[in-house]
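J.: Questions regarding the structure given below will be posed in turn.
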Amino acid sequence: MAGKTIVVTSGKGGVGKTTTVANIGTMLAKKKYSVCMLDADIGLRNLDVVMGLENRIVYNLVDVIEGHCRTAQAMIRDRKLSNLCMIPAAQTREKNSVQPEQMKTLCAELAEEFDYIIIDCPAGIEQGFKNAVAGAQTAIVVTTPEVSAIRDADRVIGLLEASLLRDIHLIINRLNHRMVKKGDMMSTADILSLLAVPLLGVVPESEEVVISTNRGVPLVHQRGSRAGRAFTQIAARLNGEEVPFEDESGNGFLGKMKRFIWS
Amino acid sequence: MPLRNADRPLPIQIKATRDGFTLVPDATTPFQEIMRYMKHRLDESHDFFYHSEMSLDLSARPLQTDQILELRCLLAEKAGVKLVEVKMREDLVCTLEPARTRPKAAPQCSSPRNREVTPMIVRSTCRSGTRIESPADCVVLGDVNPGAEVIAVGDIIVFGSLRGVAHAGATGDCSARIWALSIEPSQIRIADLVALPPAGNKPTPKRFEIAEIQNNMIQVLTL
């Protein structure tokens, strides 16, 4: 069995990579797939905090790579879903303690065991980025509708293409439909025309995200949350299901966009 | 483009002039240092200088014959650059290439553009962080996104939206033009002129747009 290795990256920090990883990972696990989340942000780990698993960490990614423990020992099982686990990053080490080749080997090893491996990439385009990308077949680029985030996303897409990673998808996070309507925020169509990669989903801006992060419970567990529903749809599309794009902005462009993307 | 370092003179300057490139070695830097730097610049610029012709200005710093030969070999091997003339003093120029005819009294604002060099074709969108240098014309089959730079000795043609930086006529050719399906750049340069886009939204063009120099100003025409 060969699982799918997905890296979630953005270039810019603070756009919601870790939240995306936590929610997509949880949602795929809810669909009964075996999922392993890998926190590649060595030195600044926080996927464990978002998942609410901080106090269970014994071994981390660098321990696995340096052979201090078996891979299975570093895996932390989720509190609710037994088929979901994560390997935390090392907090006390530096990014340079891991090499891209080692990550490739680890990803190949994990792909034998899991259906999905989701890698949380650090911000930036240095060593940590190269490590996180090394073992992946698919990339999800997360951006917010801000010019700075889009500029960085563009750069990252260029770097991913240069490293021969062709399966690239886009998630637009924290879109405020009201501001788009007023013309104060870039719309989905604007962003897509610039970045020109297939859209996986749009996550509306929401306070629920902050609350769920602080509680350590991913949003997709929560019923009736709009952002949670967006992540549910994203996970489904990632899984190859056809989910129509919801037309939340009130005009018909998403319908056109959908035809463009799924054609 | 010659990089200027304010604190320390460069071991050798590459100046773009009307007649092509001129190499100006620094008066005090040791020759080995000059050679090392020159090699580095050639590596760095890939084939930007490919098949171009350069002259060597020794009015500030005399070099020995074997040193000139060494430099000439380096240029030829690394980048296929021909060293065509050596200028000893303002009034003493010796031509190394007997066949070369100096472009006589070139009309103002033009440089010999080698039309025989095939244009560089970029078959993808230039994303942020990409830098493309072409020794001739440059054709981009895709967009030029903000944060990307396209620099060409000749014209730049973009089959897409130009949103990044474009520099046509990089060696001083004022007749160079920039063509794009839509020009909304962060900055455009032609020869030694720089233009910034006007503030505010502009109407979307019907077919394509051309930027060119008119009356010593960069104008963007919509067709």
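J.: Can you name the condition, by its number, that residue A:131 falls short on among (1) polar (S, T, N, Q); (2) surrounded by fewer than 22 Cβ atoms within 10 Å (Cβ to Cβ); (3) under 20 Å from residue A:13 (Cα atoms)?
T.: Of everything listed in (1) polar (S, T, N, Q); (2) surrounded by fewer than 22 Cβ atoms within 10 Å (Cβ to Cβ); (3) under 20 Å from residue A:13 (Cα atoms), residue A:131 misses just condition (2).
J.: Continuing with the same structure: Of all residues in the range B:126-151, which are charged (D, E, K, R) and within 14 Å of chain A (Cβ to nearest Cβ)?
T.: Once the filter is applied, which keeps residues that are charged (D, E, K, R) and within 14 Å of chain A (Cβ to nearest Cβ), the range B:126-151 yields B:127, B:131, B:143, B:149.
J.: Within the range A:102-126, can you find the residues that are over 30 Å from residue A:148 (Cα atoms) and either in contact (Cβ under 8 Å) with a residue 40 or more places away in the chain or in contact with a helix residue (DSSP H, G or I) (Cβ under 7 Å, 6 or more places away or on another chain) (or both)? Lay out the reasoning, then the answer.
T.: Of the residues in the range A:102-126, the ones over 30 Å from residue A:148 (Cα atoms) are A:102, A:104-116.
A:102, A:104, A:106, A:107, A:109, A:110, A:111, A:112, A:113, A:114, A:115, A:116, listed by residue number.
J.: Can you tell me which condition residue A:128 does not meet? The list is (1) more than 10 Å from chain B (Cβ to nearest Cβ); (2) under 17 Å from the mean Cα position of the chain (by Cα); (3) not in a helix (DSSP H, G or I), and all the others hold.
T.: With (1) more than 10 Å from chain B (Cβ to nearest Cβ); (2) under 17 Å from the mean Cα position of the chain (by Cα); (3) not in a helix (DSSP H, G or I) applied to residue A:128, the lone miss is (3).
J.: Working only within the range A:132-142, note down all residues that are out of contact with any Lys or Arg (no Cβ under 7 Å at 6 or more places or on another chain) and assigned to a helix (DSSP H, G or I).
T.: Within the range A:132-142, A:132, A:133 qualify.
J.: Follow-up question, since we're still on this one. How many residues does the range A:190-205 hold that are open to solvent by less than 30 Å² (accessible area, probe 1.4 Å) and either within 14 Å of chain B (Cβ to nearest Cβ) or not in a strand (DSSP E or B) (or both)?
T.: Selection size over the range A:190-205: 5.
J.: Tell me, which residue of the range B:161-171 that is within 14 Å of chain A (Cβ to nearest Cβ) and open to solvent by 10 Å² or more (accessible area, probe 1.4 Å) is nearest to residue B:23 (Cα to Cα)?
T.: B:165
J.: Only one of these conditions is not met by residue A:145: (1) open to solvent by less than 40 Å² (accessible area, probe 1.4 Å); (2) assigned to a helix (DSSP H, G or I); (3) within 25 Å of residue A:227 (Cα to Cα). Which number is it?
T.: The single condition residue A:145 does not satisfy is (2).
J.: Next question, about the same structure. All but one of (1) open to solvent by 20 Å² or more (accessible area, probe 1.4 Å); (2) free of Cβ contacts under 8 Å to residues at least 40 places away in the same chain; (3) in a helix (DSSP H, G or I) hold for residue A:213; which doesn't?
T.: (2)
J.: Applying the selection to the range A:160-169, what residues are within 12 Å of chain B (Cβ to nearest Cβ) and either in a strand (DSSP E or B) or crowded, with 20+ Cβ neighbours inside 10 Å (or both)?
T.: Within the range A:160-169, A:160, A:168 meet the criteria.
J.: Still on this structure: Given the structure, is residue B:123 basic (Lys, Arg), within 14 Å of chain A (Cβ to nearest Cβ) and surrounded by 24 or more Cβ atoms within 10 Å (Cβ to Cβ)?
T.: On the way: basic (Lys, Arg): yes; within 14 Å of chain A (Cβ to nearest Cβ): yes; surrounded by 24 or more Cβ atoms within 10 Å (Cβ to Cβ): no.
Criteria not met by residue B:123.
J.: Any residue in the range A:174-183 that is part of a strand (DSSP E or B) and crowded, with 19+ Cβ neighbours inside 10 Å?
T.: Yes; the residues of the range A:174-183 include at least one that is part of a strand (DSSP E or B) and crowded, with 19+ Cβ neighbours inside 10 Å.
J.: Just to be sure before I move on: is residue B:154 farther than 19 Å from residue B:186 by Cα, more than 14 Å from chain A (Cβ to nearest Cβ) and either modelled with pLDDT of 90 or more or open to solvent by less than 20 Å² (accessible area, probe 1.4 Å) (or both) in the structure I sent?
T.: Here the answer is yes, as residue B:154 does meet what is asked.
J.: Can you name every residue in the range B:43-69 that is under 14 Å from the mean Cα position of the chain (by Cα) and at pLDDT 80 or above?
T.: B:54
J.: Could you list, in sequence order, the residues of the range B:17-76 that are charged (D, E, K, R) and open to solvent by less than 50 Å² (accessible area, probe 1.4 Å)?
T.: Start the filter on the range B:17-76 by keeping residues that are charged (D, E, K, R), which leaves B:18-19, B:26, B:33, B:36, B:39, B:41, B:43-44, B:47, B:53, B:57, B:61, B:66, B:70, B:72.
Within the range B:17-76, B:26, B:41, B:57, B:61 qualify.
J.: Could you say which residue among A:172, A:119, A:140 is more than 14 Å from chain B (Cβ to nearest Cβ), in contact with a His (Cβ under 8 Å, 6 or more places away or on another chain) and of a type outside the set (Phe, Trp, Tyr)? Outline the logic, then answer.
T.: Details: A:172 fails: in contact with a His (Cβ under 8 Å, 6 or more places away or on another chain); A:119 fails: in contact with a His (Cβ under 8 Å, 6 or more places away or on another chain).
Exactly one of A:172, A:119, A:140 is more than 14 Å from chain B (Cβ to nearest Cβ), in contact with a His (Cβ under 8 Å, 6 or more places away or on another chain) and of a type outside the set (Phe, Trp, Tyr), namely A:140.
The values are calculated or read from the model by the stated rules, or taken from the named source; none is laboratory data. Everything numeric here is computed off the predicted structure, so don't read it as measured data. So basically every Cβ, Gly included, is an ideal-geometry build from the backbone, and we count neighbours across all protein chains shown. All accessible areas refer to the heavy atoms of the entire protein, side chains included, with ligands and DNA or RNA removed. Shrake-Rupley method; radii C 1.70, N 1.55, O 1.52, S 1.80 Å.
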